[in-house]
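Take a look at the structure set out below.
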Amino acid sequence: MNWAAATQIRAPLRFWLWLIPIAARRVLGRLWRWTLGVGTVLFLAGLEVAVVGYVPGVSGQTRILHVCWAILLAGLALFLLSYVFGFAHDLEARA
C-alpha cells in the first residue's frame, strides 16, 4: 500500500479529484491524522491481545480470539481509510 501511495507523489491526482466530492474533501482531509492515529492504537492493541491473550472482562479463548480479530480488522480498516483521507488532505492543500 505504501508503494502504491508513493507513486502518486507530485502527481496530478485526477482520479481522486473525480472520486472525492469537493464538499467532502475538507472534512476528510481534517480526519486523516485521526484515522491514522486511532488505527495505529487499535492495531497495536490487537497485537498486544494476540501476544498476551488476555482481555479484561472477557473469558474463554474463542471470545478472546474474536475480540483480537475485531480490534485488528478495525485498525486495518482505519489504515485503509487514512489513505483515502490523506489524498483528500493533499487535494485540499494543493487548492
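Charges were assigned to the Cβ only: +1 to each Lys and Arg, -1 to each Asp and Glu. The resulting dipole of the stretch 21-94 about its Cα centre is roughly 240 debye.
Where only DSSP H runs of four or more residues are counted, the chain gives -27500 deg cm²/dmol as its mean residue ellipticity at 222 nm, each run worth -39500 (n - 2.57). Applied to the stretch 38-50, the Karplus parametrisation 6.51 cos²θ - 1.76 cosθ + 1.60 on θ = phi - 60° returns per-residue 3J(HN,Hα) values of 5, x, 5, 4, 5, 5, 5, 5, x, 5, 5, 5, 5 Hz, with x for Gly and Pro. Which stretch or stretches of the stretch 63-95 have amide N atoms under 20 Å from the point lying 7 Å from Leu47's Cα along the Cα→Cβ direction? Answer for the stretch 63-95: 65-83. Taken along its principal axes, the alpha carbon cloud of the chain reaches lengths of 52, 26, 17 Å, longest axis first. Along the axis of the charge dipole computed for the chain (Cβ charges of +1 for Lys and Arg, -1 for Asp and Glu, origin at the Cα centre), the listed residues Leu17, Thr7, Val38 are led at the positive end by Leu17. For the stretch 21-94, the relative contact order comes to 55 percent (Cα pairs under 8 Å, sequence separation of at least 6). Computed from Cα positions, the angle between helix 61-94 and the longest principal axis of the chain comes to roughly 10 degrees. For the peptides 51-62, 82-93, residues were scored by their other Cβ atoms within 10 Å and the scores averaged per peptide; the highest-first order is 82-93, 51-62. Toward the positive end of the charge dipole of the chain, with +1 on the Cβ of Lys and Arg and -1 on the Cβ of Asp and Glu, the farthest Cα among Ala95, Trp69, Gly53 is that of Ala95.
Throughout, read-outs are computed from the coordinates displayed, never taken from laboratory work. These numbers were taken from a predicted model, which means no experiment stands behind them. Quick reminder, even Gly has a Cβ in these numbers, built from the backbone with ideal geometry, and neighbours come from all protein chains shown.
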